[in-house]
Each structure stands twice: as C-alpha cells, then as structure tokens.
C-alpha cells in the first residue's frame, strides 16, 4: 500500500509517560487496564451511512498499552465514488487526494492485522465500527470478535455537564488537554481520542477502577448523606410516572421520569448515581413527590410540561421551550424573510423551530445565498420608487425597490422559496454545495466551512419542521401498542399534543375503552404556527413513540404524511458533524 503508514510498535513509535504508575501496587482482579492493549481507530467517510452506499476515505489508528503508544496506522482509501463537496470541506480530503490511494480491499485486511488482539476504541464507536463491519461483510472477511469501548459512552459517565456542554471529541480534547487538536482527519482524531481515553482512565484510576471489568461496570461511590435519604423513595409506587425532588421551601429542585418510580428514585441514593451536580441536589432535597402515569409516554410528556412550568434549577434541558426561533415569509406586497419567536396568524410558510437565534441566522444566510429575495426591512409600496441597495448592485437581490423586477417575476421567486421551506430543499442544497465547491477550489476553506454550517442549519431545521408539521396538522390521531406484559397502551394525540393515555384492562371491550378515552380527552386550543398545541420536544417524543415497532394506528383524522422531496432525505450527510 504505497500511501499507507504503519509504524511498528517497538522502534519508531513515540512514547508517553505511563499514566497509572501510582496505582500498580493494588491487588487486582480481572484484566488490568495497564496491561490491556487498546487500538484507537477513527475513520473519514463520504457520508454518514454505510448501508446507504457511503464509503471509507481514510483510516487512522493508534495502538496503546499502559499509557504508551505502541504503533500507528494511517492510510487514505480510494472509495471508488465521488466525495461530496460538503465532506471535502469538512475533512480536507478531495477526490484528487484519494485517486491513487489503495482500495478498502487492501486496507481493511491490513488494519485487522494491526488491531488483532486489541480492545477496539472509537469516539462514537457505532459509526466507525459499523463502517468497518459493513465493509468486512461486503468483502467476505471474517470480523474478529473485538471488545469495543466507546469513548462517548464512557465520557457520559465520567465528564459532568459542569465540565463540558457536550461530549464531542473537540470538547473533550480541550477538557483533558489533548496534545492533538481534532480536525476531522483520521489519524489526528485517533491521537486526540487516545489522549481523551487516557485522561478518563487516569480519573477513574483515582476512583479505584483498575480492570476492564470494573471499567464496564463503573459507578462512583455514594456519600453517607445520600444513603441516609433512601427513605424518601419508600412511599413511591412501582409504576411509570414523574418524580419531583423538593427543597426545604417546597421548591421543585429536579424533575425526572421513570418506568418504575420507586426503583429510579432509590438509585439517587446508591452508587449508581455518578453526576456531581445531582449529588448536590440530593443533599438539599427534603422530599420526593410522584405523579403516577398510565404509560411511559404519558410520563415523558408530563415531565417536559413540569420542567417548563417549574424551571427546576437542577434540570438543564427543556426548561425554556418558549425560546424557539422561526424563519417565516412575510405577508406584504414584496415579501421577505423574517426571523421571529412566534408565528403570526397570517403567516403561511416557515422553517423551524430553531434551538437558538445563532443557528437560525445561519439558516437564514443559506436561504439568502440561494434566493435573491430582498433583505431590507422597509415596507415597499405596490410600485416602489426607491434606489437600488448594495445587494442589488452585487446581484444578490432582484431589487424590487427600483423596479428591477416586476411583481410576477418576484412572486415566482417567492414561490420557489416557499417550496424550499415546506416541500423541497434541493435548491438550497444544490446552491450551497456549488458554493462550497467553488470556495474550496479557491482554497477559501474558512468561507467554505461557513457555507457548510449554514446549509446544515437550514436542512436540519427544515427536516425537523416538516416532521413536526406532518403530525401537528392532524386534528386527532389515536394509536396503540402492546407493552411488555401484552397489555395495549392507547394514546390520543391532537395537533401534536398528548391529550389522553390509558391501558386497556384485561377482557375489556377495546372499542368502548378507546371511545371513552377520546370522549374524556383534553380539549385543545390551537395557536398559529407549526406547534399549535404543544412544545417541539413534546411532539418529538410523541413521534418517537409513534415510529417505534409494534404501533397500530386506530384512527387518523387528517393526513399524517411528510413531503416526498422533503429535507429529511438530505440529513445523513450532516451526521458526521455530530461526532
């Protein structure tokens, strides 16, 4: 393989000081971490799904044991397919770079030999290992029974939200002071993952985690103060529902949900609770209330509503559903795009919700880059008599202000824009991909990356909005699913809001039960916009349940359908941004 780079373990590999020297005197059972050989691997690919035909473009791996680097493996891979401009900008790997690289038929056997006998490690291992296993199966190669360690999953147990807002590789690399900065190139990202792995193992070593077995079952130690409060869980039922930790003044400190209220709340007073912030909350708590629910979905929805109502200080998410943003087309003689927090009664086309104004502004830039609609905020007369602005001079606006376009021509552009928001994102995707390719060809990589981020924001929001709207426009939907005990759970949803939930009793008349459930369901008052009756998170929870295996639709009032050419079909390529 002329473009590969495999360093043998004994002679050329750089070394790091052993990370766990101070722990070698402990008596250990199981496979000691210091004696375990890890193969940390990272891939670059043409997209986010091997099953959809995406291919590997680069493999990077680092073999480590006891804190020392034993060897490295790196090679570009010819995917025998075009690398999308978006991916080329993200990784810096172009079609020209891989033209003379070896194919996966040569690379994969060499990598499997390099990794033989190791514990395979990757950041978001399902992605990297999934590609490797898929290609092994496709090529008829035997896949070794690797033990796999996912540093994302490990980080969720080790790194608190106080230390890092997320568990992306770049964020963790900063937390642990990695010597290598991740840059979406395989070997660099693998080296950064090694530093993150070592940082987490060193931290766990101080908590007594010495073996692979202990690593897989790690839970932090619980304080005596936490144990003394176990009695707070005793009155709670073994049933699904919502629990509320309350403080000395009866204030709500934290809201959670569980299929088994008593068992879940008891876990807060045992070693299974590892979050330092929650440990602080438990120390303050004086009582735990519970709201029993008929089904798990009802509990999840009630949790979201209670968090939004009480805004508990120890809940980090779902507290401010009102902070969503939307992009809408104004209703005036010469329409334009507007960034708003609430959808007006007269608005017909919009994209969102966006989680923040910053993300919404990126999507707005993507739309403006595609459609030369006016960006000025003045209300224009039916026959404008103004002067052309700088955007009009640059060709980025049709300039209706000075008669540069007639009403029919401008209306045709606005209709194309409306179609992009509600039905087809192809125009935006094609325009931004062409812009990225042109900028990358000029080596303006920072500008190309900005265009990539704008496109990702637009596609994600359009897909989310189209998915939500498909359900929220249905006046009523009734669905059922058998639970683990064979009982039928029934949910009534109106305009994306859960209005009733129940479990059909044994030997009961199912039709009568559903009819009574619908008759007693909550009445819904709709507001304008894609979320007329519930928060985006609530509707997304309901959608996740409706899309789960075993669902039976009892009745649907209206059409529950998403556009065939909608933005969702463009989502796969953006999944690489989240690793």
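Points worth noting:
- Residue order, fewest to most beta carbons within 10 Å, for 397, 526: 526, 397
- The chain: relative contact order in percent, alpha carbon pairs under 8 Å with at least 6 residues between: 11 percent
- Three-way shape label, the stretch 323-468, alpha-carbon gyration tensor, a/c 1.5: oblate
- Per-peptide average of other Cβ atoms within 10 Å, ordering 299-306, 111-118, 489-496, 377-384 highest first: 489-496, 299-306, 111-118, 377-384
- Additional length obtainable on full extension of the chain from residue 95 to residue 31, 0.36 nm per residue less Cα span: 18.7 nm
- Each Cα pair under 8 Å and six or more residues apart adds its separation to the average, and for the stretch 224-318 the resulting relative contact order is 37 percent.
- Exposure proxy ranking for 537, 137, 58, based on other Cβ atoms within 10 angstrom of each Cβ and starting from the fewest, stands as 137, 537, 58.
- Packing-based order for 185-196, 239-250, 66-77, using average beta carbon neighbours within 10 Å, highest first: 185-196, 66-77, 239-250
- Burial ordering of 86, 513, fewest other beta-carbon atoms within 10 Å first: 513, 86
- Using R0 = 30 Å, the C-beta based FRET efficiency linking residue 267 and residue 133 works out to 0.35.
- Relative contact order [Cα under 8 Å, 6+ residues apart], the stretch 5-216, whole percent: 25 percent
- For percent of Cα pairs over 45 Å apart, calculated from these coordinates, the label among (i) 29; (ii) 24; (iii) 17: (i)
- When the helices of the chain are scored as -39500 (n - 2.57) per DSSP H run of n ≥ 4 and the total is divided over every residue, the value at 222 nm lands at -11000 deg cm²/dmol.
- Rounded, prolate or oblate (a/c below 1.5 giving rounded, otherwise prolate when a/b exceeds b/c) for the stretch 77-153 by Cα gyration tensor: oblate
- Rounded if a/c under 1.5, otherwise prolate or oblate - the stretch 5-216, Cα gyration tensor axes: prolate
All of the numbers you see were taken from the coordinates with simple rules; none came from a lab. The shown structure was predicted, so the numbers you read here are calculated from the model rather than taken from an experiment. Methodologically, a virtual Cβ is constructed for each residue, glycine included, from the backbone with ideal geometry; neighbour enumeration extends over all protein chains shown.
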